[in-house]
Each structure stands twice: as C-alpha cells, then as structure tokens.
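Quick notes on the structure that follows.
Every read-out reported here was derived from the displayed coordinates using simple, explicitly stated rules and does not represent laboratory data. Predicted, not measured: the structure shown is a model, and the values here were computed from it. Backbone-built Cβ (ideal geometry, glycine too); neighbour counts: all protein chains shown.
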Amino acid sequence: MIDELIYLGIETSCDDTAVSVFNNTKNIISEYIITQKIHKLYGGTVPELAARDHLKYTLKLILYILKIAKIKINKIKCIAYTQGPGLKGALLIGISIAKTISLLLKIPNIGINHLEAHIMINFNFCKKKILPALVLLISGAHTIMLNMTKYNLLNMIGESSDDGAGESFDKIARLFDLTPANGISIEKNIPYRFVYNNEKIIKTKQNIKHYNFSFSGIKSNIMKLKTENNNLNMKNIIYNFQNTIINIFTTRIRNILSTNLSYKGIIIGGGVSANKEIRIAIRNISEEFNIEFNKLPKKYCTDNGSMIAFLGFIKINNNKRDYKLSIKAVPNLRII
Ligand code: KG4
Ligand code: ZN
C-alpha cells in the first residue's frame, strides 16, 4: 500500500481565505473557501480589512477541513502557502500561520507562486497528453500568455501592459452598479442567447504583433459612452464588452496556433477562465486546430486552496522544500 501523504494548502493572497488538504493517493480530500464580504461596502478590496479577515478565519478553516476529513493535524506532512503575488498584509497572515504549523509539527513548508498554481492545477485534472501547450492565464490583475513545453518550463509570449482582464470585468460591473462588482455579475446579466450585437460600440486597439494585451482603453471607451448617453442599454454594452474580450483572446490564440503547429493543447486558468462564453470560444478553437483543451472545473479557475496544496505536492516531490522560518511575502512576484 502506498503511504498516504497529506499536504495542506493555504491561499490568502487577496480577498478569499481558502484552504485545502491534498493527499497523494486520494487527491483533493477536503477544502473550504470564504470570499470576504466586507469589501462590498467600499467598492474594492481594502488591504487592511482583507488581512484582518484572513487572521480571523484561516486557522479556523484549517481545523474545520481537517475535522471534516477526519485527519489529525499531526498527519500533515507538508504545508504549502501562497508567497505572492498579492496584498502584502494578506499574504503575511497565510505565511505566518503556515510557518508556525511547520515549526510545531517539524514538517517542511513551501512558498508557492499563485500564478503558477493557477496554471498547474490543470494537471490534476488533465488525463491526456497536452504538452507543449499554449497557456492563457487570466486572473484579476494578470493576463499572461505563455508557452509551456515541459511541466515546469514556461516562456512568456505576452502579457497585459495595463489592467488585467479580470480588473476590466470588475470595473465595468462597478460602472453599472452590478453586485458583486466582478465578472460573475457581468456573465449573469447577459441574457441567454442575447442577439443584439453591435461590435462597433466598443473599439479596442491591440498590438497583435507583440502579443501584449491592453484592456484599459476598453474601460475608458465604455465610461465615455456612458457619460455621453444616459439611455444606454446596459445589457447590450456588457454583452459587447464580453465579446470584445473574447475576440481579443481568440484572435491571439488563432494567430499563435496557426504559426506554431507544435502545440498539443491549450490550458487556461485564473478567475476569468471560469467565464462560460470564454471557455466555449477557446474550446471551439481547440477543436478547429484539433488539439486538446483541458476542461478545468470552474471552481478551480478562481482562487482556491487546492491549487496551492497541489503545487506544493509537485514541488516537494521535486525536492523543493524549506524548513526555514523567515517570513517573506513577495507582493509583486512574477511568473517568470
Ligand atoms: O484568479 P482570481 O480568482 O483572483 C486573482 O488571482 O485575481 O480572479 C479574479 C477575477 C476577478 O477579476 C473576477 O471578476 C474574474 O476573475 N472572474 C470572472 C468570472 N469569475 C471571476 N470574469 C469573467 N467571468 C466570470 N465568470
Ligand atoms: Zn488568482
């Protein structure tokens, strides 16, 4: 029988307190996530309040998921935590708790790059051969396109030079007073089979040649439209906004796939990749080019503790571990 090894993952980079226990034989065995509500009052995440909420709940959630899984805390063999990128105070709470447990149980701990975890969690669900893959990471503050040739070998293709795609969803939701002010509300407010499409409403200039993205212009255009016209049809605008974003991604992906025929698959990750229409559009491209598309379950697209525990498991198995107690958060950690 294979020895069961229990990995604990802690994610506190922004406004979700998320924890998970991952086991090398049974996979994700227990997880929990609390999305902080307190920020609703302020129209955006307040760093100090985020840190306080993480302090209030992280340890409680760890004990809760262990109880649900009927696992004693001393059975944990390794602890993984988000080291960055994210809000410094919020990260420090998760790191401090992880290091304390690591010290008390005399087990290794490992700092995880949140962005890398968003991508790597795909491999917990991907059964087919997908590498080399074209990777699209679309989270709140980050929009990055990468080339992944091996398990841990990533090369940059392009990234956003201003807002992340998720931020633009958040800003447009806020502009139309949708709550919560995020992409989920945008998606929910677009009626099924909406047909009124006027693509000229939202103009956007993207430099296809350099593969970098820009989203701030789209937001400014919509703001301008709204101030110039009081009778705007909100549903029409958000529908066209979402389509504009989809077009930006699909144009890039098609462009890259038609010039590089070595790709075997497409991997997506980050909160925006939970968007149904974006997923459909990318899946369609994969069929068009006859390559794999990993269908990452929606709940693992947005922030979660399992992606941290899973990447901890991978890294520990590659001998990347740490017993040190130095507590270092890296708010602007890059993926490469
Ligand atoms: O990866 P994530 O959970 O947190 C960060 O690492 O940033 O991504 C959060 C972002 C938010 O900007 C949110 O508006 C966006 O993901 N998002 C969505 C959807 N669900 C979350 N955007 C579009 N459609 C969705 N269904
Ligand atoms: Zn994230």
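Can you grab the distance from the C-alpha centre of segment 38-115 to the C-alpha centre of segment 218-280, Å, no decimals?
33 Å
Counting Lys +1, Arg +1, Asp -1, Glu -1, what net charge surrounds residue 154 among other residues with beta carbon under 13 Å of its beta carbon?
Values: positive: 150, 334; negative: 116, 159.
Every neighbour counted, the sum reads 0.
If I fit a long axis through the Cα atoms of helix 165-175 and take the longest principal axis of the Cα atoms of the chain, what angle between them do I get, 0 to 90°, rounded to 10?
The answer is roughly 60 degrees.
Quick one: which of 235-242, 266-273, 66-73 comes out on top by average Cβ neighbours within 10 Å, and what's the full order, highest first?
Per-residue mean Cβ counts within 10 Å order the peptides as 266-273, 235-242, 66-73.
Relative contact order for the chain: what is it in percent, counting Cα pairs under 8 Å that are at least 6 residues apart?
Reported relative contact order: 26 percent.
Between beta-carbons, use under 10 Å as the cut-off and find the net charge around residue 129, counting Lys and Arg +1, Asp and Glu -1.
+2
Give me a comma-separated list of calculated 3J(HN,Hα) values for segment 279-295, in order, Karplus coefficients 6.51, -1.76, 1.60 applied at θ = phi - 60°, integers in Hz, x for any Gly or Pro.
4, 4, 4, 6, 4, 4, 5, 4, 5, 4, 9, 6, 10, 6, 10, 7, 8
Pick from 23, 260, 247: which residue has the top mean-square fluctuation in a GNM of the chain where Cα pairs under 10 Å get a spring?
Between 23, 260, 247, it is 260 that shows the largest mean-square fluctuation.
Can you list the residues, at least 5 places off or on another chain, whose amide H is less than 5 Å from the amide H of residue 292, using H built in the peptide plane?
265, 266
What ranking do 158-171, 7-20, 311-324, 93-106 get when scored by the average of other Cβ atoms within 10 Å per residue, highest first?
Order by mean packing, descending: 7-20, 158-171, 93-106, 311-324.
Show me, for segment 66-78, the HN-Hα J-couplings you get by feeding each phi into the Karplus relation (A = 6.51, B = -1.76, C = 1.60, θ = phi - 60°), rounded to Hz, glycine and proline as x.
Karplus-based 3J(HN,Hα) across segment 66-78 equals 5, 5, 4, 7, 6, 10, 6, 4, 6, 8, 5, 9, 7 Hz.
If you filter segment 244-288 for trypsin sites (Lys or Arg not before Pro), then keep DSSP loop positions with at most 16 other Cβ within 10 Å, what is left? Walk me through the intermediate numbers first.
Working: sites: 252, 254, 264, 276, 279, 283; in loops: 264.
Those that pass, being in a loop and sparsely packed, are 264.
Would you grab the residues whose amide H sits under 5 Å from the one on residue 28? Only those 5+ places off in sequence or on another chain, please, with H modelled 1.01 Å from N.
23
As a quick test, which of the pairs 26/70; 99/328; 188/264; 88/150 have an alpha carbon distance above 21 angstrom in this structure?
188/264; 88/150
Quick check on the chain: what are the equivalent-ellipsoid semi-axes from the Cα gyration tensor, as sqrt(5λ), descending, whole Å?
Three semi-axes, in Å: 35, 24, 17.
Could you list the chymotrypsin sites (Phe, Trp or Tyr not before Pro) in segment 111-162 that lie in coil according to DSSP, counting only those with at most 15 other Cβ atoms within 10 Å of their Cβ?
125, 151
Above 21 angstrom, tally the Cα pairs of segment 1-157 and express them as a % of all pairs, no decimals. Write down the numbers at each step before the final one.
Values: 6206 of 12246 pairs.
The proportion of pairs with Cα distances above 21 Å equals 51 percent.
Could you work out how far helix 88-105 tilts from the main Cα principal axis of the chain, as a 0 to 90 degree angle to the nearest 10?
20 degrees
What residues have an amide H closer than 5 Å to that of residue 160, excluding those fewer than 5 places away on the same chain, when H is modeled at 1.01 Å from N in the peptide plane?
Amide H neighbours of residue 160: 143, 213.
Along segment 300-315, what does the Karplus equation 6.51 cos²θ - 1.76 cosθ + 1.60 (θ = phi - 60°) give for ³J(HN,Hα), rounded to whole Hz, x for Gly and Pro?
These are the phi-based 3J(HN,Hα) values: 9, 7, 7, 4, 7, x, 5, 5, 6, 4, 5, 5, x, 4, 4, 5 Hz.
Using the alpha-carbon atoms, what tilt in degrees (0 to 90, nearest 10) does helix 234-259 show relative to the longest principal axis of the chain?
With both axes taken from Cα atoms, the answer is about 70 degrees.
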